[in-house]
1. Please verify whether segment B:294-302 includes one or more residues that are at pLDDT 90 or above, under 22 Å from B:Ala81 (Cβ atoms) and of a type in the set (A, V, I, L, M).
2. Which helices (runs of 4 or more DSSP H) does segment B:157-261 wholly contain that include 2 or more residues that are surrounded by 20 or more Cβ atoms within 10 Å (Cβ to Cβ)?
3. Can you report the number of residues in segment B:74-94 which are touching a strand residue (DSSP E or B) at 6+ places or on another chain (Cβ under 6 Å), buried (at least 20 other Cβ atoms within 10 Å of the Cβ) and not aliphatic (A, V, I, L, M)?
4. Report, ordered by the first and then the second residue, all pairs with beta carbons closer than 6 Å, sequence separation of six or more or different chains, a first member in segment A:158-178 that is free of Cβ contacts under 8 Å to residues at least 60 places away in the same chain, and a second member that is among the polar types (S, T, N, Q).
5. Could you tell me which residue of segment B:120-156 is surrounded by the fewest Cβ atoms within 10 Å (Cβ to Cβ), considering only residues that are among the charged types (D, E, K, R) and more than 7 Å from chain A (Cβ to nearest Cβ)?
6. Across segment A:3-51, what is the number of residues that are under 22 Å from A:Arg144 (Cβ atoms) and among the β-branched types (Val, Ile, Thr)?
7. Spot the failing condition for B:Leu299; the list is (1) within 11 Å of another protein chain (Cβ to nearest Cβ); (2) in contact with a Leu (Cβ under 6 Å, 6 or more places away or on another chain); (3) among the aliphatic types (A, V, I, L, M), and only one is missed.
Amino acid sequence: MDFANFLIQLLNSLQYGLLLFMLAAGLTLIFGIMGVVNLAHGSFYMLGAYLSWFLVSQLDSLALAIVLGTVIAVVFGWLLEWLLFRHFYHRDHLDQVLLTFGLIYIFEEVRSILWGDDVHSVQVPEMLNWSIPLTDNLSYPVYRLVMSGVCIALALGLYLLISKTRLGMKIRAGAFNREMTESLGINIRLIHGVVFALGVALAAIAGMIASPVSSVYPGMGSSVLIMCFVVVVIGGIGSVRGALVAALLVGLVDTFGKVLVPQIAGMAVYMLMAAVLLYKPEGLFKQ
Amino acid sequence: MSSPKAQLEKLPRSMQVILLLGAIALAAFPLVPLTGADFYLQMLSQMMILAIFAMSLDLLQGVTGLVSLGHAAYFGLAGYALAFLTPADTPISLWWSLPVSALGAGLAALIIGFFVVRTHGIYFIMVTMAFAQMVFFLFFDNKALGGSDGLYVNFRPDASLFGWTGIDLENKTTFYYFTLLLLVLVYAFLRRLLFSPFGRVLAGIRVNEHRMRAVGYGTFGYKLAAFTLAGALAGVAGFLWAAQTGYVNPELMGFHMSAHAIMMVILGGMGNFAGAIVGAFAFEYVMHFFKDLTKHWQLLMGTFIVLIVVFAPRGLLGLVAQFSRKRGAP
């Protein structure tokens, strides 16, 4: 593998890892703070991608679609938390697994009724539809770089939100000790709603910015969900920092696995997980 | 974090009668002349196979308190084992292909269990799911292992013993009875196990693992043994499934299959194996019913699952028990 090729694979793995981080961050926050296993998290990614396709076809602008789509995702997440998830924080994990598995069925069917079962593609915006040449015949699409940039910006925003703001302080307090936080007069229900909506929005944004690169298709949520689980397990439940490290690691292993050992590429990531589990059964950054 | 609650370990007399009547009804069913009997025989065989699968999961989920979201991997592996063992031109002997397939699934469970059993709660759920997915991709990605299309099982296993050919599994009715026999055997075995010292330790782990450790039980070994045994029994079900349908594909090990098994155990009521059987039949019936009703069956199925979780988390047997208790009270 020469340097240009290596660079391309490295950038691809970075982009994939950052995308996974967007999904895993929401998942791990929801786990860590509310203690909910959410199998339907992949569905939010799928809904984001379909929303992006639908809104682009209506508005003719990806940027506008993402802004509007994010608002829809936040409202949707808020409602879902209020109607359903709120009542499951104290139930068995088993009940949570089943509830969210049932939701996967419902979301898939709603998508099928609203938008059909066809595979769609979203046009890369004109302004970003060019490539940076690396060698005579190799180049890297700018849109993928922008994607990574957006993910990094959002990751930075998330970090600042959680560690530097008052809201973030309340979120951390709620994760640490729910009763104590509540008795200090903090509206923990509001915090839960905010965190859940944030998680849904992050997953949906990931789906929206990924839609021009990957096609938009039914069932795109479930494959990405399982990857997210692997990321959360490797990183340690509840740790956003762990999710970032693990996501980048998974991105690297998956991308280079496909290039170097294509026979076992599908398994490589799981082997990484097994290795981490042997070494640290509770993830790299257990809190 | 609360552990899943088992219930009705000792079945009330009324429920034992219901189960016995159900078994008699299943045994008598092939004798009833019915139009389209073949179809129903096959459907019932399939339900019985899934009941065995659900019972094997109940050993983990209801008895030991380990929620595995990857149990289908062992079900599928045994099915693939049969597909690989069966030569292209002749059937294979049942008497060694069934044990080998089940042991193969058990061995896989032992290896994977070694990694997953050391995790707890949410981790256990996610890690079992991830490993099942690893097995799924192993078969999905490799053309040599059948790839995404899967493999054919050319013949049902041959059950002749020392030249005696009284059992012909190619016959639908015979296969039906063979499946029923295995269902009863697995049930009897697991019920016996539940009240054995081993079963008591597993139940103790569900209730309070720390205390079991403090009392001096090596819970890791017990949990690993339960995981392995459950994998092998799931393998028995997977073997039967492959023999019946004559076809295996990666979907057998997929995420949906695993989740359905959990749903069956919950739907019936967990921790007593009888619930798993009832749940498997009820779940499959509801699924067929919705699929016949509309092409948007997923919406109905999803709503059904959500409603069950919200309103009947203790399952059908739990409802029956609640009802009879109310009626019995003055």
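The values are calculated or read from the model by the stated rules, or taken from the named source; none is laboratory data. What you are looking at is a predicted structure, and each value in this text was computed from that prediction instead of being measured. Reconstructed Cβ throughout: ideal geometry from the backbone, glycine too, with neighbour counts over all protein chains shown.
1. No, the conditions are met nowhere in segment B:294-302.
2. Numbers: elements: B:172-194, B:197-207, B:209-215, B:219-245.
Filter on segment B:157-261 gives B:172-194, B:197-207, B:219-245.
3. Residues flagged as touching a strand residue (DSSP E or B) at 6+ places or on another chain (Cβ under 6 Å), buried (at least 20 other Cβ atoms within 10 Å of the Cβ) and not aliphatic (A, V, I, L, M) within segment B:74-94 amount to 2.
4. The qualifying pairs are A:Ala173/A:Thr181.
5. Start the filter on segment B:120-156 by keeping residues that are among the charged types (D, E, K, R), which leaves B:141, B:143, B:149, B:156.
If we keep only those that are more than 7 Å from chain A (Cβ to nearest Cβ) too, we end up with B:143, B:149, B:156.
Working: B:Lys143: 8, B:Asp149: 11, B:Arg156: 23.
Result: B:Lys143.
6. Counting residues in segment A:3-51 that are under 22 Å from A:Arg144 (Cβ atoms) and among the β-branched types (Val, Ile, Thr) gives 1.
7. (2)
Listed here are the residues, each with its yes/no results for (1) of a type in the set (Phe, Trp, Tyr); (2) closer than 26 Å to A:Met208 by Cα.
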{"position": "A:Gln123", "(1), (2)": "no, yes"}
{"position": "A:Thr135", "(1), (2)": "no, no"}
{"position": "A:Tyr140", "(1), (2)": "yes, yes"}
{"position": "A:Cys151", "(1), (2)": "no, yes"}
{"position": "A:Leu154", "(1), (2)": "no, yes"}
{"position": "A:Leu158", "(1), (2)": "no, yes"}
{"position": "A:Arg166", "(1), (2)": "no, no"}
{"position": "A:Ala173", "(1), (2)": "no, no"}
